[in-house]
1. Just name one of 131, 11, 91: the one whose Cα is farthest towards the positive end of the charge dipole of the chain (beta-carbon charges, Lys/Arg +1, Asp/Glu -1).
2. Residues of the stretch 7-32 with backbone nitrogen within less than 12 Å of a virtual label 7 Å along the Cα-to-Cβ line of residue 123, please, listed as ranges.
3. Considering only protein heavy atoms and a 1.4 Å probe, what is the carbon-and-sulfur percentage of the accessible area of the chain?
4. Rank 1, 41, 74 by how far each Cα sits towards the positive end of the charge dipole of the chain (+1 on Lys, Arg Cβ; -1 on Asp, Glu Cβ) and give me just the farthest.
5. What dipole magnitude, in Debye to the nearest 20, does the stretch 73-157 give about its Cα centre under +1 on Lys/Arg Cβ and -1 on Asp/Glu Cβ?
6. Can you report the principal axis dimensions of the chain using only the alpha carbons, biggest first, rounded to whole angstrom?
7. What FRET efficiency would be calculated for the residue pair residue 67, residue 87, taking the C-beta separation as r and a Förster radius of 30 Å, to the nearest 0.05?
8. Would you work out which of 116, 59, 27 lies farthest towards the positive end of the dipole of the stretch 1-129, given +1 charges on the beta-carbon of Lys and Arg and -1 on that of Asp and Glu, about the Cα centre?
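The values are calculated or read from the model by the stated rules, or taken from the named source; none is laboratory data. This one's a predicted model, so the numbers in the text were calculated from it and none came from an experiment. As a convention, Cβ positions derive from the backbone with ideal geometry for all residues, glycine included, and neighbour counts pool all protein chains shown. The area values use the complete protein model at the heavy-atom level, side chains included, leaving out ligands, DNA and RNA. Shrake-Rupley method; radii C 1.70, N 1.55, O 1.52, S 1.80 Å.
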Amino acid sequence: MSEGVEWALHSCLNLAWIGAERAVTAARLASYHELPPAYLNKQLQALARAGIVTSVSGPKGGFRLARPLDRITLMDVVAAVEGPDEAFRCTEIRRKGPGAGAPETYAAECAIAGAMGRADLAWRRELMAQTLDDVRLRAELQAPAAPERLRHWFANA
């Protein structure tokens, strides 16, 4: 998974803490974590295409959440940034080399592809079961002052 997923998840959480009434530019969001603005903007555009954030134009423009955190799953963000494809792609290498001529080698589903597919499904189910609101609650338990510190930084910088 690319680091863009981490950046997108943190950006969503930061936008929630900033509040729905204020749009924030990609450059401002990037500066908070010292990230490259152009690359973070790419992740935010992917989130906008997926309906997770909205893009607001104009002098007070930027990004804001399009829906509440309890309606955004971790899988929503991962799929927006990484795409919907499975993490493992079987290329059927068992059909090459000296074993390629033995039909029993590839008559059934590739055992490796099957195992990886089941693992991918379990991973996706777990990501679908967790919302960004679940993450927000855990983050606020771990660092209760974080939301206020973030709001203060964005209000004064």
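1. 11
2. What the label zone holds, given the 12 Å backbone N cut-off, is no residue at all.
3. Details: 5320 of 9360 Å².
Summing carbon and sulfur atoms, their accessible area is 57 percent of the total for the chain.
4. Towards the positive end, the residue furthest out is 41.
5. Numbers: 11 positive and 13 negative charges, 39 e Å.
In debye, rounded to 20, the stretch 73-157 gives about 180.
6. Extents along the principal axes, in whole Å: 69, 32, 24.
7. Numbers: r = 26 Å, r/R0 = 0.86.
Rounded to the nearest 0.05, the efficiency is 0.70.
8. Toward the positive end, the furthest listed residue is 59.
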